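Single-structure report; data block below.
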Amino acid sequence: MAGRAPHGQNLQPKIIVKKIYVEGHGGHHGGAWKVAYADFVTAMMAFFLLLWLLGATTEKQRKALADYFAPTLIDFKQNSAGSNGVLKGDALSGKDNYPQKATQTGTRSMTVPVEATGGLQVGTGDKGTLKDKRAIALEDQRNFAKMRDTVTEKMRSNTRLAKLANHVRFTATRDGMRIDLLDDADYSMFDVGTTQLVSAADNLIGLIAESIRDLENPIMIRGHTDSLPYGDPLAMNNWMLSSGRAEATRRRLQAGGVPEPRFARIEGVADREPMIAKDPADPRNRRVAITLLYRAGAFGQ
């Protein structure tokens, strides 16, 4: 509005304009509160979900959930042998780790189950490890029976070898068919204290070689002695003698036509496994055992 001019001066009155700006607040101070409220509701939902999980799950399930959100911990446990740290890790005797005693019910095993199959050498062909086990067992039994009958018949037809019938035994074992060549007080396959086969034993092992050379079974040969000691055990002892006689038997079998790759194990056990346990010095404890294994690697497993 215009005011009066001051007296004595011919000046235009000053005009004052007052402007008032009213800012719009978007309805109740804008939308920032909505974001904060949404965060609050989300946090409360997560909180109540956590409370529900704590009440509806077992301790083992909660541990699994916690491990799920810590993948590095899972990897560490998988690569450990039951202990995950000095203070916070599981003990080796933990219930879920490797069993250490009969009362422990861990699911892990330190050994391969008896009926476990598979591996890098698995095959499904005629000679594969997945072939019907019953068919394999029947095939081995037929082969062993045929071999036993062949050796027995040839020994009977040979006057010199017929005298050794009591020195040959055929025994079916868990590992295969074992042929024991035994000594006694009146007969020895080897010259005393040596690895040299006598003539009759050489012919007998040659006969056995003819009977088994066409089979595919791996062969193990084990030498045994009685407990009679040597004067100088450093020069010769029963360990050396039993091993040497097993090797001499292997050489004779190979000379009789048995392929060298079929020999899976050659060993001497001295007097540690006597046949006559009550008398370790009994000459019948001196023997060589030729075992036709069912399959390679079967012995001792």
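Would you mind stating whether Asp282 is over 25 Å from Arg148 (Cα atoms), touching a residue at least 12 places away in the same chain (Cβ under 8 Å), of a type outside the set (Ser, Thr, Tyr) and in contact with a helix residue (DSSP H, G or I) (Cβ under 6 Å, 6 or more places away or on another chain)?
So Asp282 fails the test.
Would a scan of segment 248-264 turn up a residue that is of a type in the set (A, V, I, L, M, F, W, C) and under 29 Å from the mean Cα position of the chain (by Cα)?
First, pick out the residues of segment 248-264 that are of a type in the set (A, V, I, L, M, F, W, C): 248, 253, 255, 258, 263-264.
Subsequent filtering for residues that are under 29 Å from the mean Cα position of the chain (by Cα) retains 263-264.
Yes, some residue in segment 248-264 is of a type in the set (A, V, I, L, M, F, W, C) and under 29 Å from the mean Cα position of the chain (by Cα).
Starting from residues that are basic (Lys, Arg) and in a loop (DSSP other than H, G, I, E, B), keep the ones in segment 274-293 and report whichever is most open to solvent (accessible area, probe 1.4 Å).
Lys278
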- Query: For Ala145, which of the numbered conditions (1) touching a residue at least 24 places away in the same chain (Cβ under 8 Å); (2) surrounded by 13 or more Cβ atoms within 10 Å (Cβ to Cβ); (3) outside any loop (DSSP other than H, G, I, E, B) fails to hold?
  - Reply: (1)
- Note on the structure: Filtering segment 185-203 down to residues that are over 41 Å from the mean Cα position of the chain (by Cα) and under 24 Å from Thr150 (Cα atoms) yields Tyr187, Ser188, Val198, Ser199, Ala200, Asn203
- List pairs: first in segment 158-177 and farther than 13 Å from Ile290 by Cα, second exposed (fewer than 12 other Cβ atoms within 10 Å of the Cβ), Cβ under 8 Å, 6+ apart or cross-chain? Ala162/Arg156; Ala165/Arg156
- Message: Show me the strands (runs of 3 or more DSSP E) found entirely inside segment 157-260 where at least 2 residues are buried (at least 17 other Cβ atoms within 10 Å of the Cβ).
- Response: 176-182, 219-224
- Given the conditions (1) at pLDDT 80 or above; (2) on the phi > 0 side of the Ramachandran plot, and given that Asp39 satisfies all but one, which numbered condition is not satisfied? (2)
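The values are calculated or read from the model by the stated rules, or taken from the named source; none is laboratory data. Computed from a predicted model, the values in this text were never measured in an experiment. When we count neighbours, we look across all protein chains shown, and the Cβ atoms used for this are built from the backbone with ideal geometry, even at glycine. Keep in mind that these areas ignore ligands, DNA and RNA; they rest on the heavy atoms of the full protein, side chains included. Shrake-Rupley method; radii C 1.70, N 1.55, O 1.52, S 1.80 Å.
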